Each structure stands twice: as C-alpha cells, then as structure tokens.
Amino acid sequence: MKNRAVARVFQEIADLLEIKGENPFKIRAYRKAAHTIENLSTDLKTLMEENKLREVPGIGEAIAKKITELLTTGHLGYYEELRREFPEGTLSLMSIPGIGPKTAIRLAKELGISNIDELEKAIINGRVSGLYRLGDKVAANILRHIRMSRHKDMRIPIGEALPVVEQIVALLRDRPGLQHLVPAGSLRRFKETIGDIDIMGTADKPQDVLQAFVELPLVEEILAKGASKASVITTGGIQVDLRMVEPDCFGSLLQYFTGSKEHNIILRERALRQGLSLSEYGITVLETRKTEKFATEEAFYDRLGLQYVPPELREGRHEIELAEKRAIPRLIETSDIKGDLHVHTNWSDGFDSIEAMAEAAMSRGYAYLAVTDHSAGRGIAHGLSEERLKKQITEIRALNPKLRGLRLLCGVEVDIRSDGTLDLPDDILRELDVVIAGVHSAMAQDSEKMTRRLVLALENPYVHILAHPTCRLLGVREPVDVDLEAVLHTAARTGTALEINATPQRLDLNDLHVMRARELGVKLVIGTDAHSAPQLDTIRFGVGVARRGWCGKSDIFNTKPVDEVLTLFKRKARASQRTVA
DNA sequence: ATGGCTATCCATGTTTACCAGCTGGTAAA
C-alpha cells in the first residue's frame, strides 16, 4: 500500500467522524496525519520496519497502530466499521458545495438518499425543501451545484499536466541518439487546461526511445506501441502520446501538432493564396508539386514570409497579420520578473517563515519580496489582526538590513468584506508598502452586488493590487458573477493594479482578461500567492498567462525595480489626497 | 488523536455570511 492510499483512508475517516459529530480535535488529528503522510518523502513501510512511525509529527500511538494494520493486512477494521455506520454514498453528498456533514447525514437518514442522482430527483420532486431548516433557496443552490459538477470538462489543468511532461522529458533526455523531445499541442501553447498530451521527438533509433518511454515508472497502462508512436496512461490517469518523426521535417510536424486548429486554418488559407499547400510534412509548391521540408519551425514560418509566432499566441486571433508586418512583440519571460508581490508565511496560513521565504526569493535572484499574509477576517488562515500585523512590520524592518540584495516589503492581503469594506482600517494600511485586497467570502453574490463590492475596494486609496479578481478555482469553483469590464475601468481610473494570480489552480485573471486589461491601460502584476518556499516557482504559470495575453516585459509591473514599484503604489494615495483637497 | 510534560491532565482553528424563521444553525474560506 502506497503512502497516498493510506492518506486517503485517514482523510475518509476524518470525513466520517465529521458526519458522526465526533470531537473536532480528533477529526483534525486524522486530517493532519493524512496531510503529513501525503507529503512524506519516505515510504511508510520503511518507517514501519525501522519502528520510526511515531517519530513523524502528527502520528501518535493510535494512528501508528492503524498504519501498521493497513500495511500488514491491507485492511483497517476501525475504518470498515465506521463505514458500516452510514448509508453507502453519504460521503459523496458532501462533495457538493453547500452540503456539509449535517445536511448529508439528514438527507441520507430522513430521505434515504445515497447518491447524487437520487438527491437531484428528490430536489426536483420537492422532497428536500420540505425538510425542517432546508428551504427553497438551499435546495435550489444544491441543484445548481449538482448541475455544474456534471458539466465540468474533463480537461487537465496545466498545473498537473506540465510537471508530468517535464518528468517524462527529464527521464528520456539522456537516451543516446536523442535529438529533440518537445511537447506539442495545447500544453505548448500554455492553455489553462489540456486534453491529451502530445510529445514529439527525433532520434537515431526511435524504437529505443519509444521502448524507454513505455517502460517509465509513471506508466500505468500501454495503449499502443508501434514503430513511430506510443500511447500510454500515466499513474495519474493522463494520456500521453509520444510521436517519433524524421528530423528533416520536425519543424513542420511540430508546428502542425502545436496548433491551434484555428491558427493553422488561417495559415493554410493564406498559403493557398500564395500558391503553397501546407501539410504536416512540409510546404508544397502547387505549380511544381514539389514538397519542401523544414527541420525547424523558424524556417517554416520564414518560408511563408512570416515572423516566428510564439506558441502561446497561436490562437487564430491577429497573430498572423502581425507576423506579416514583423510586429509580434517580444513576450515577457520568467527571467524578467524582479520580485514576487504576493506570498504568505507561517504568520498566517503559509508553511514557511519570513526568513525562509526571503531565502528562497534570494536564491531565485529576486530584488524584492512582499510579505502579504491574510487579515483576521480569514479566521481559518489564522489571519493577522492589526496588532499582529504591526508586530510583523517591526520584524520585517529589523530583518531587512540582514538580507543581501533582497528588499522585503511589508504588506497584507486584506479581506474585502461582503459590503466592499476592508477588514483593516486605513490607518494601518497606510503604513504598508504593498496592500493587496481580495475576496474570500460571500462569493455567490449577484453581479451587481459583487461589482459594487470590488469597485468600492479599488477606490480605497491604500489598496494597490486586487488579488485573484474572479476567484475561480479551475475545475472546483466557477468565477464569481461580476461585471469585469467595470472593474477594469475602475482599476484604470484609480491606478490600481490587477493581479495575474499564478497559482496553477487559479490563473486569475485569465489570458483574455489580461488582453482586455492591457487595452485599457490597467497595471498588471504577477503574484504567486505562494504558501511555501517551493511555490515561488509557480511564477512561470503566471508568466504563461501573461504571454497568452500578449504581455511584454513592460506590461507587467513586477519586472520593474523596487523603487519604481513603491513610487507607483504611493502615487495612488497622493492622487486621492489631491482629489479630496 | 496528538503532544506537551507536574498530567489517570489539558489545549488544540476562527471569522463571516447566509438562510430559515425571526436567533441560531450550518457551511465556507
């Protein structure tokens, strides 16, 4: 049994205990243990054999015993008994937002509902809204979430797909005779979700590479393996195709399989007008019927009289027009980023200390890092009260002289309450270098209310950045209902920056929003929202979104030196003082 | 259930918002 499977059992025990209404601290102990086990770098079995289970923080006598039982017998009596106490399927009801343990158990016991389909029927028949303390609004809300979960698309978030591809490429890169190995498709274009993963390669002996590919440890199932192509399903359930091709037409093949379809259609139509026919094998001159081959994409675009088009722009918008005029801008790169303006520490719900985050920022070569922990309104995150924030400011100021080359900025991610007011008074916000405002509650508000709420927050003279403006979580939570156009205009008018939140689950703003923001002259920053030091690396996902939104270095504010950033932020408060005067 | 450590004990995560019924339970973040 793998660590992950053990963790899942404990997570489910916690859910069941929650339904049961057990001691909350006991529930938390199981959740904590599950989390620790999931992130453990050593195999539980090894720890068990060395009698070191108890040394893991969060694993005590009872849980160590349960792990041992699981690992030796493959079963856990306690868990199985617990499951028997509740109707089958009660747990699945809790996956619907709006249904917690109390409601789940009532639906199961009072209506005999044991799965989501039955729940849907019961709501439609009006059986749910008849229950005590469950009215029409609750029922309608649950129904809405059920329908939403049905329509969830099955594409994989790029945050999951990219690491898998990188792992595969890293494992195969050193095969003798391998020349190219490049992911194509929507992954290469850095779309936020990916269908299947396509990797293209060239090698002296393609068969060897294909063989090594299907033998990788992360391969769960081999769907097909031929002379030039293999398809597998990874242990994470993602389909990956590897296509080995002839080196002399690698360029046109890579171009073809990178897409997008829309981009390639426009390209073909344009080529036809020039008497050229495009295919994945090259460019055919219609008059002579001769096909030219291209080893690189650059040569391919060049033959068509076009500037090279970065994959992120190949969406059939206006990139080909601009490539004709050689007017495609230089896009932002991760190395252009000079600092991160949104990170958390263990003062709120972050994992690492301020020092550890600063250390990580220095090793990335950053010039600055803004510490922006939550405010008290986010109770569960152990958000900072005014008092604790003051203490943190003192600590950061004391730390700064000790840091070589890095400027730590004092900041906060202040809650925007349901009415648009902020969770901290202006007096303290005024003291800070960086104030990020963000919505973390009451996300179901209607568009009018939500828009008014965000506009009000942006109008605060001390708010510099609006965090994750639409609050979406890919595959988990839909964006809030908001008039984003109005928000963008307010941001432009007040000189407030909008964030491209780089957390792979968020990517918020998205590429289209970023384009629109650029058009309106809205300042943009990329922030990782890192909750641990390694998460500073997720900046590249934000850079990917910015590139898809046609951003150059100058469009993203945290490519500027620290003084310029601070000057801009201070300018907003000064401007509003003038307005008042 | 864990971990600290005077203990067959005690602390451990908190605030906001919404809805059903007009104060308090439930869920989300």
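The values are calculated or read from the model by the stated rules, or taken from the named source; none is laboratory data. Fair warning: this is a prediction, and the values are worked out from it, not measured in the lab. A quick note on method: Cβ atoms are made from the backbone with ideal geometry, for glycine too, and the neighbour counts reach across all protein chains shown.
Which of (1) more than 28 Å from A:Arg106 (Cβ to Cβ); (2) more than 7 Å from DNA strand B (Cβ to nearest atom) is the odd one out, the single condition A:Asp15 does not satisfy?
(1)
I need the full set of residues from segment A:7-47 which are β-branched (Val, Ile, Thr) and either touching a Ser or Thr at 6+ places or on another chain (Cβ under 9 Å) or within 22 Å of A:Glu88 (Cβ to Cβ) (or both), in order please.
Narrowing segment A:7-47 to residues β-branched (Val, Ile, Thr): A:9, A:13, A:19, A:27, A:36-37, A:42, A:46.
Listed by number, the residues that qualify are A:Val9, A:Ile13, A:Ile19, A:Ile27.
Being at pLDDT 95 or above, surrounded by fewer than 22 Cβ atoms within 10 Å (Cβ to Cβ) and touching a Leu at 6+ places or on another chain (Cβ under 8 Å): is that true of A:Arg518 here? Full working, then the answer.
Details: at pLDDT 95 or above: yes; surrounded by fewer than 22 Cβ atoms within 10 Å (Cβ to Cβ): yes; touching a Leu at 6+ places or on another chain (Cβ under 8 Å): yes.
Yes, satisfied.
For segment A:198-225, which positions are in a strand (DSSP E or B) and among the β-branched types (Val, Ile, Thr)?
Across segment A:198-225, the qualifying residues are A:Ile199, A:Thr202, A:Val219, A:Ile222.
What about A:Gly316, is it assigned to a loop (DSSP other than H, G, I, E, B) and loosely packed, with under 15 Cβ neighbours inside 10 Å?
Details: assigned to a loop (DSSP other than H, G, I, E, B): yes; loosely packed, with under 15 Cβ neighbours inside 10 Å: no.
Considered against the rule, which asks whether it is assigned to a loop (DSSP other than H, G, I, E, B) and loosely packed, with under 15 Cβ neighbours inside 10 Å, A:Gly316 comes out as no.
Looking at (1) within 23 Å of A:Glu18 (Cα to Cα); (2) not in a helix (DSSP H, G or I), which is the only condition A:Ser129 fails?
Result: A:Ser129 fails condition (1) only.
Just give me the residues in segment A:319-341 being among the charged types (D, E, K, R) and either within 27 Å of the chain's Cα centre (by Cα) or buried (at least 19 other Cβ atoms within 10 Å of the Cβ) (or both), in sequence order. Lay out the reasoning, then the answer.
Here is the first cut: in segment A:319-341, the ones among the charged types (D, E, K, R) are A:319, A:321, A:324-326, A:330, A:333, A:336, A:338, A:340.
The answer is A:Glu319, A:Arg330, A:Glu333, A:Asp336, A:Lys338, A:Asp340.
Kindly indicate whether A:Val219 is closer than 18 Å to A:Pro183 by Cα, touching a strand residue (DSSP E or B) at 6+ places or on another chain (Cβ under 9 Å) and surrounded by fewer than 20 Cβ atoms within 10 Å (Cβ to Cβ).
On the way: closer than 18 Å to A:Pro183 by Cα: yes; touching a strand residue (DSSP E or B) at 6+ places or on another chain (Cβ under 9 Å): yes; surrounded by fewer than 20 Cβ atoms within 10 Å (Cβ to Cβ): yes.
Spelling it out, A:Val219 is indeed closer than 18 Å to A:Pro183 by Cα, touching a strand residue (DSSP E or B) at 6+ places or on another chain (Cβ under 9 Å) and surrounded by fewer than 20 Cβ atoms within 10 Å (Cβ to Cβ).
Would segment A:513-525 turn up any residue that is within 16 Å of DNA strand B (Cβ to nearest atom), in contact (Cβ under 8 Å) with a residue 12 or more places away in the chain, aliphatic (A, V, I, L, M) and assigned to a loop (DSSP other than H, G, I, E, B)? Can you show your working first?
Our first condition is that a residue be within 16 Å of DNA strand B (Cβ to nearest atom); within segment A:513-525, this holds for none.
Checking segment A:513-525: not a single residue is within 16 Å of DNA strand B (Cβ to nearest atom), in contact (Cβ under 8 Å) with a residue 12 or more places away in the chain, aliphatic (A, V, I, L, M) and assigned to a loop (DSSP other than H, G, I, E, B).
Of everything in segment A:95-111, what is surrounded by fewer than 18 Cβ atoms within 10 Å (Cβ to Cβ) and under 19 Å from A:Arg477 (Cβ atoms)? Give them in sequence order.
A:Ser95, A:Pro97, A:Gly98, A:Gly100
Determine whether segment A:113-123 contains at least one residue that is in contact (Cβ under 8 Å) with a residue 12 or more places away in the chain, more than 9 Å from DNA strand B (Cβ to nearest atom) and farther than 20 Å from A:Ser149 by Cβ.
no
Based on what the data block shows, is A:Val371 more than 16 Å from DNA strand B (Cβ to nearest atom), part of a strand (DSSP E or B) and either surrounded by 22 or more Cβ atoms within 10 Å (Cβ to Cβ) or modelled with pLDDT of 95 or more (or both)? Break it down into steps so the answer makes sense when it comes.
Values: more than 16 Å from DNA strand B (Cβ to nearest atom): yes; part of a strand (DSSP E or B): yes; either surrounded by 22 or more Cβ atoms within 10 Å (Cβ to Cβ) or modelled with pLDDT of 95 or more (or both): yes.
Criteria met by A:Val371.
How about segment A:35-65: which of its residues are within 7 Å of DNA strand B (Cβ to nearest atom) and exposed (fewer than 11 other Cβ atoms within 10 Å of the Cβ)?
Within segment A:35-65, A:Pro57, A:Glu61 qualify.
Filter segment A:396-436 down to the residues that are of a type in the set (Lys, Arg) and either surrounded by 17 or more Cβ atoms within 10 Å (Cβ to Cβ) or touching a residue at least 12 places away in the same chain (Cβ under 8 Å) (or both), then identify the one that is nearest to A:Val463 (Cα to Cα).
Within segment A:396-436, the first condition is being of a type in the set (Lys, Arg), and the residues that meet it are A:397, A:402, A:404, A:407, A:417, A:430.
Those still in the list that are either surrounded by 17 or more Cβ atoms within 10 Å (Cβ to Cβ) or touching a residue at least 12 places away in the same chain (Cβ under 8 Å) (or both) too: A:397, A:404, A:407, A:417, A:430.
Details: A:Arg397: 21, A:Arg404: 29, A:Arg407: 20, A:Arg417: 14, A:Arg430: 9 Å.
In this case the residue turns out to be A:Arg430.
State all residues of segment A:224-248 that are more than 16 Å from A:Thr202 (Cβ to Cβ) and either surrounded by 13 or more Cβ atoms within 10 Å (Cβ to Cβ) or within 29 Å of the chain's Cα centre (by Cα) (or both); if no residue qualifies, say none.
Start the filter on segment A:224-248 by keeping residues that are more than 16 Å from A:Thr202 (Cβ to Cβ), which leaves A:224-226, A:231-240.
The answer is A:Lys225, A:Ser231, A:Val232, A:Ile233, A:Thr234, A:Thr235, A:Gly236, A:Gly237, A:Ile238, A:Gln239, A:Val240.
Do the conditions hold for A:Val439, that is, is it away from DNA strand B (no atom under 16 Å from the Cβ), of a type in the set (Val, Ile, Thr), touching a residue at least 40 places away in the same chain (Cβ under 8 Å) and closer than 29 Å to A:Thr334 by Cα?
Values: away from DNA strand B (no atom under 16 Å from the Cβ): no; of a type in the set (Val, Ile, Thr): yes; touching a residue at least 40 places away in the same chain (Cβ under 8 Å): yes; closer than 29 Å to A:Thr334 by Cα: yes.
Here the answer is no, as A:Val439 does not meet what is asked.
If A:Thr36 passes every condition in (1) more than 29 Å from A:Lys152 (Cβ to Cβ); (2) modelled with pLDDT of 90 or more; (3) outside any loop (DSSP other than H, G, I, E, B); (4) within 34 Å of the chain's Cα centre (by Cα) but one, which one does it miss?
(2)
Scanning segment A:549-567 for residues that are among the hydrophobic types (A, V, I, L, M, F, W, C) and assigned to a loop (DSSP other than H, G, I, E, B), which turns out surrounded by the fewest Cβ atoms within 10 Å (Cβ to Cβ)? First the steps, then the outcome.
Narrowing segment A:549-567 to residues among the hydrophobic types (A, V, I, L, M, F, W, C): A:550-551, A:556-557, A:562, A:565-566.
Still in the running and assigned to a loop (DSSP other than H, G, I, E, B): A:550-551.
Details: A:Trp550: 23, A:Cys551: 25.
By that ranking, first place goes to A:Trp550.
Can you name the number of the only condition in (1) within 18 Å of A:Val455 (Cβ to Cβ); (2) touching a Lys or Arg at 6+ places or on another chain (Cβ under 9 Å); (3) not in a loop (DSSP other than H, G, I, E, B) that A:Val414 fails?
Result: A:Val414 passes all but (2).
Give segment A:526-548 a look and list any residue that's out of contact with any Gly (no Cβ under 6 Å at 6 or more places or on another chain) and in a loop (DSSP other than H, G, I, E, B), or say none. Break it down stepwise before answering.
Looking only at segment A:526-548, we keep the residues that are out of contact with any Gly (no Cβ under 6 Å at 6 or more places or on another chain), and these are A:527-530, A:532-548.
A:Thr528, A:Asp529, A:Ser532, listed by residue number.
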